[in-house]
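Q: Handing you this structure, nothing more for now.
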Amino acid sequence: MLLFSMVAESNAQLSENYYASTCPNVELIVKQAVSTKFQQTLTTAPATLRIFFHDCFVEGCDASVLIASDNGDAEKDASDNKSLAGDGFDTVIKAKTAVESQCPGVVSCADILALAARDVVVLVGGPEFKVELGRRDGLVSQASRVTGKLPEPGLEVRGLVQMFASNGLSLTDMVALSGAHTIGSSHCNRFANRLYNFSTFMPVDPTLDPAYAQQLMKTCPRGGADPDAVVDIDPSRDIFDNLYYQNLVARKGLFTSDQALFNDLLSQSTVMRFANNAEEFYGAFSSAMRNLGRVGVKVGSEGEIRRDCSAFN
């Protein structure tokens, strides 16, 4: 009861018009900065969206993942965050600079990241949705606190459900947020076990479509893959659509944690709904992003408004 009352209290202090009097044009300022960055590199979209997810699941949505440490012990330095693309961090920095020029010391990096995550989704054809604002930037960023907080590519559905539930997110939220993989990519080492050493008697994961497995092997040969080789999770990577779910139905999910969403009866019907109806997916994703944006938010004296997103004040 105490936990839920604390969450409710934090959520109550978030609102869509939080900066109406202090920085009324903040959404437009961020949108313009994000759009400019997106035009320079398409990686901006998946990179920014992924950073938002990784930020919220560790210390809450408080921009703690943006902190840079000379000692290499900040949240972004954790092994699970090493693959976060620089374009995502650069997007937030550029947006923060633009906001600071018009509303100095008013808008948190956490809110700018939340807005930027929504804006990149729209830029690649995804749904528009309202973002609640009023977060403060966190005062803690430690690599050691990341362990066990982010879903691994080999996680099964029940593990995923438990992890998302610990952040106040439902099974539907989990399946919908997984749809962000429609604009994602991965290095070979994150799924190579499904191609070559799945089990003693079955080297290739039997839940993987054989033709798709052969296709992946060409990009990621046994023991000889380019460590920088990248595979798109969804062939329509630059478009935010529901093809990710259609791929799961066709047994073409890249990660075990992707394919498990269709294989497990607990989540299969939700995958089928999203695969058959893009609008239903968009609605669920919009709702899930708003729910995600409420995770562990800092308000009032719990945090600060950073002048530089990469450093505590």
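The values are calculated or read from the model by the stated rules, or taken from the named source; none is laboratory data. Remember, predicted model here, so these are calculated numbers, not experimental data. Cβ sites come from the backbone with ideal geometry, for glycine too, and all protein chains shown count toward neighbours. Ligands, DNA and RNA are stripped out before the accessible areas are found, and what is left, the full protein with its side chains, is counted by its heavy atoms. Shrake-Rupley method; radii C 1.70, N 1.55, O 1.52, S 1.80 Å.
Q: Which three extents, in angstrom, do the Cα atoms of region 147-255 have along their principal axes, listed largest first?
A: 41, 33, 26
Q: Still on this structure: Could you work out the Rg to Rh ratio of the chain, with Rh taken as the Kirkwood radius (inverse of the mean 1/r over all Cα pairs)?
A: 0.97
Q: Kirkwood hydrodynamic radius, computed over distinct alpha-carbon pairs, for region 218-313: how many Å, to one decimal? Walk me through the numbers before you get to the answer.
A: Details: mean 1/r = 0.0598 Å⁻¹.
Computed over Cα pairs of region 218-313, the Kirkwood hydrodynamic radius comes out at 16.7 Å.
Q: Across 5 Å bins from 0, what is the distribution of all Cα-Cα pair distances for region 13-77, in whole percents?
A: Percent of pairs per bin, in order: 3, 14, 15, 18, 23, 17, 7, 2.
Q: Simple spin-label model, 7 Å along Cα-to-Cβ: ARG158 to SER301 in nm?
A: It works out to 4.4 nm between the two label points.
Q: Then there is this: Would you work out what percent of the accessible area of the chain, with all protein chains in place, is carbon or sulfur (probe 1.4 Å)? Could you put the intermediate results ahead of the total?
A: Values: 7480 of 14030 Å².
Carbon with sulfur: 53 percent of the solvent-accessible area.
Q: Going through the cross-link list LYS96/LYS149; LYS94/LYS218; LYS96/LYS298; LYS130/LYS252, which pairs have a Cα-Cα distance over 29 Å in this structure?
A: On the way: LYS96/LYS149 27 Å; LYS94/LYS218 38 Å; LYS96/LYS298 18 Å; LYS130/LYS252 32 Å.
From LYS96/LYS149; LYS94/LYS218; LYS96/LYS298; LYS130/LYS252, over 29 Å: LYS94/LYS218; LYS130/LYS252.
Q: In the Gaussian network model of the chain, springs joining C-alpha atoms below 10 Å, which of GLY303, GLY223, GLY138 carries the largest mean-square fluctuation?
A: Its mean-square fluctuation being the largest, the pick is GLY223.
Q: Further, regarding this structure: Which value, in Å², gives the accessible area per residue of region 190-249 when a 1.4 Å probe is used on the protein heavy atoms? Working shown, then result.
A: On the way: 3350 Å² over 60 residues.
So region 190-249 comes to 56 Å² accessible per residue, rounded to a whole number.
Q: Still on this model: Whole-Hz ³J(HN,Hα) for each residue in region 246-258, computed from phi via Karplus 6.51 cos²θ - 1.76 cosθ + 1.60 with θ = phi - 60°, x for glycine and proline: what do you get?
A: For region 246-258, the Karplus curve yields 5, 5, 5, 4, 8, 6, 10, x, 5, 9, 4, 5, 6 Hz.
Q: Separate question: So how far apart, in nm, are the two label points at ALA311 and ASN17 if each is 7 Å from Cα heading toward Cβ?
A: In this crude label model, ALA311 to ASN17 measures out at 3.7 nm.
Q: Enter the accessible area of ILE239 (Å², nearest 10), with the probe set to 1.4 Å and all protein chains included.
A: About 90 Å², rounded to the nearest 10.
Q: Okay, helix-only estimate at 222 nm for the chain: each DSSP H run of n ≥ 4 adds -39500 (n - 2.57), divide by all residues, round to 500 deg cm²/dmol; what do you get?
A: Numbers: 13 runs with 146 residues, N = 313.
Taken over the chain, the calculation gives -14000 deg cm²/dmol.
Q: Could you give the size of the charge dipole of region 43-97 about its Cα centre, using +1 on the Cβ of each K and R and -1 on the Cβ of each D and E, expressed in debye and rounded to the nearest 20? Don't skip to the end; give the middle numbers.
A: Values: 5 positive and 10 negative charges, 56 e Å.
For region 43-97, the charge dipole is close to 280 debye.
Q: Could you sort MET289, MET217 by accessible area so the largest value comes first, with the probe set to 1.4 Å?
A: On the way: MET289 10, MET217 40 Å².
Sorted by accessible area, descending: MET217, MET289.
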